[in-house]
Amino acid sequence: MADQHFDELSLVKRSQQGDLAAFNLLVEAYQRQIYLLCLRMLGSVEAAEDVTQDTFLTAYQHIARFRGEAFRPWLFRIAVNACTDELRRRKRRPVLSLDPSSPDEEPFQIPDPGEGPEAHTLRGELRRTIEQALLRLPEDQRLAIVLCDVQGLSYEQIAATLKIALGTVKSRINRARARLRELLLQERELLPEHLRHLKVREGEER
Amino acid sequence: MAWTGLFFTRWEHARRRENLSAYLDNALRPDETRRVTAHLDRCPACRAELEDLRAVKAAVQALPRPAPRRSFTLTAPAVAPRQRSAAQLLERRYVSARAASCVLAVILLLVLGFDFVTTPRPSPEPAVSTATRSLPEATSSLQGTTTEGRAAPAAVPDDRARAAGEVSTPPAPAVGAIFTPTELSRIVTPSPAIAAGEVPPTVPHRAPPTAATPLRDLQAEATSALHAAPLSGAVATSVSPDGLAAEPLNDRTGLRVVEAMLAVTLAGTLTVTILLRRHLAQAR
């Protein structure tokens with residue numbers, strides 16, 4: 001891990017001297033994470049690809065200004081800003097469909113050989129339900145939950161990446177999960193066994 | 001006792017409930033974690049909610065993590081905005097050079113117009129026709145020299161002399177017919193004023209063309225051309241020595257110097273404009 005960190009810093013240094021090949025090694029190391037972040041924030045493969053490309057281009061153009069701190073939070077911050085810009089652009093021109101479930105935009109999935117075609121369809125529907133619920137969250141909550149549960153960052157790392165207080169991270173994730181729970185309960189028909197108990201317990205509470 | 005106990009339980013429940021997500025993520029301090037654990041033992045509602053939150057977290061974590069369909073590595077042309085901005089810089093320079101040329105041309109035309117209008121004439125009609133005729137000639141000859149100027153430095157002095165001569169003197173055949181010798185001498189006076197130091201100090205007198213910067217070079221040539229103009233051909237012979245004594249003569253000479261300087265500067269900016277345009281065409 002320490003070696004990797006050192007290697008990363010030397011790649012950053014070389015990139016700062018205009019070494020595009022060195023920067024591309026960083027791109028290869030991070031493109032999957034950045035793409036996934038954009039995909040979950042924006043909900044469409046095309047938009048995620050565009051914003052990911054923009055992120056790396058912006059990062060390369062501003063790499064000279066990178067000082068000291070870790071590279072990943074810096075890069076993530078650029079991606080987050082790019083996503084925010086894209087969402088703002090969409091709000092201004094709401095021509096684009098916010099529905100991420102148009103069939104041509106779905107990433108290809110390898111069917112589980114253990115399941116029949118029916119089970120696969122259900123899984124696809126459930127996946128879309130969760131994706132849509134995620135996209136219906138307020139932007140700051142979605143970002144917090146994506147960084148936490150998709151990217152696997154700790155609360156401290158999220159706070160450092162977004163430059164917000166730890167308490168803010170905590171409350172955003174808490175509110176995001178509560179809201180997701182409500183949204184998923186509205187789709188109880190689609191919930192598989194491991195989520196279905198939500199419905200049961202909701203009944204008990206009333 | 002029962003009331004305070006209930007109140008405390010409610011309060012504690014609210015406090016611990018807020019921390020359930022963080023508890024799930026192992027993001028609480030050890031003392032907070034202990035309190036939540038203790039509360040969960042007593043509170044079935046919070047246990048249920050914790051399970052809900054766990055299911056929600058599991059659902060988000062279970063989302064597929066598709067790999068991107070393509071790589072996002074940058075290629076040299078994609079990183080080219082720097083080169084593009086260099087081209088933009090070139091274009092900006094070209095545009096400003098062109099604008100400077102236009103402004104200079106307008107000023108030169110105004111000065112020339114002022115010159116011709118304020119020059120006393122025996123009869124107004126021919127003067128007007130001379131003005132309209134010689135202005136386009138002057139500008140066209142200027143453009144002629146600018147296009148050749150940089151390509152053949154050896155030819156510059158001759159061209160320059162011709163240009164300056166044509167700016168300051170009307171075409172030779174017209175001279176005898178239109179101007180009296182006195183007027184002519186006002187127009188093409190040999191340089192007493194220049195020699196007397198009325199020329200702005202920035203203009204080098206007869207500086208060797210190779211030693212100076214291009215602009216000064218051109219100005220020096222213009223000055224020398226101005227000196228040489230009266231001496232050349234038929235114009236020089238028709239100059240009357242009487243004209244030298246006239247008072248407005250110095251005034252006119254100053255105007256001629258200004259015109260020549262404007263013309264030369266215009267030639268310079270036009271040359272720069274043309275060179276930039278060629279450069280720009282190559283860059284695209």
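Whole-Hz ³J(HN,Hα) for each residue in region A:136-151, computed from phi via Karplus 6.51 cos²θ - 1.76 cosθ + 1.60 with θ = phi - 60°, x for glycine and proline: what do you get?
Values per residue, Gly and Pro as x: 8, 5, x, 4, 5, 5, 4, 4, 4, 6, 5, 5, 7, 9, 8, 8 Hz.
What length, rounded to one decimal in nm, is gained on full extension from B:Val95 through to B:Arg34, with 0.36 nm per residue of separation minus their alpha-carbon distance? Working shown, then result.
Numbers: separation 61, 0.36 × 61 = 21.96 nm, distance 7.25 nm.
Going from the current span to full extension adds 14.7 nm.
Quick one: order B:Cys46, A:Cys83, B:Cys102 by neighbouring beta-carbon count within 10 Å, fewest to most. Present the calculation step by step, with values, prior to reporting the outcome.
Details: B:Cys46 20, A:Cys83 27, B:Cys102 13.
Neighbour counts put them in this order, fewest first: B:Cys102, B:Cys46, A:Cys83.
I need the peptides B:258-264, B:12-18 ranked by packing, meaning the mean over residues of other C-beta atoms within 10 angstrom, with the highest value on top. Could the numbers behind the result be given before it?
Working: B:258-264: 22.1, B:12-18: 15.4.
The packing order, highest mean first, is B:258-264, B:12-18.
Quote the FRET efficiency, to the nearest 0.05, computed for B:His279 versus B:Ala67 with a Förster distance R0 of 60 Å and r equal to the Cβ-Cβ distance.
On the way: r = 45 Å, r/R0 = 0.76.
That gives a FRET efficiency of 0.85.
Counting other beta carbons within 10 Å of each Cβ, put B:Ile274, A:Ile173, A:Ile164 in order, fewest first. Present the calculation step by step, with values, prior to reporting the outcome.
Details: B:Ile274 19, A:Ile173 25, A:Ile164 14.
With the sparsest Cβ surroundings first, the list reads A:Ile164, B:Ile274, A:Ile173.
Explain nothing, just compute: Karplus ³J(HN,Hα) = 6.51 cos²θ - 1.76 cosθ + 1.60, θ = phi - 60°, for every residue of region B:30-41 in order, whole Hz, x for Gly and Pro.
x, 5, 5, 4, 4, 5, 5, 4, 4, 5, 4, 4
Within a Cβ distance under 13 Å of A:Gly167, other residues only, what is the Lys/Arg minus Asp/Glu net charge?
Numbers: positive: A:Lys170, A:Arg172, A:Arg175, B:Arg29; negative: A:Glu156, B:Glu18, B:Glu32.
Around A:Gly167, the charge tally is +1.
In what order do B:His39, A:His62, B:His279 fall by count of nearby beta-carbon atoms within 10 Å, going from fewest to most?
Values: B:His39 20, A:His62 11, B:His279 15.
Least to most surrounded, the residues fall as A:His62, B:His279, B:His39.
Between B:Val103 and A:Arg65, take the C-beta separation as r, use R0 = 51 Å, and let me know the FRET efficiency to the nearest 0.05. Before the final figure, lay out the partial values.
Working: r = 39 Å, r/R0 = 0.77.
Computed FRET efficiency for B:Val103 and A:Arg65 comes out at 0.80.
Taken together, the values in this text are just the output of simple stated rules run on the coordinates, not laboratory data. In this text, all values refer to a predicted model and were calculated from it rather than measured experimentally. Cβ sites come from the backbone with ideal geometry, for glycine too, and all protein chains shown count toward neighbours.
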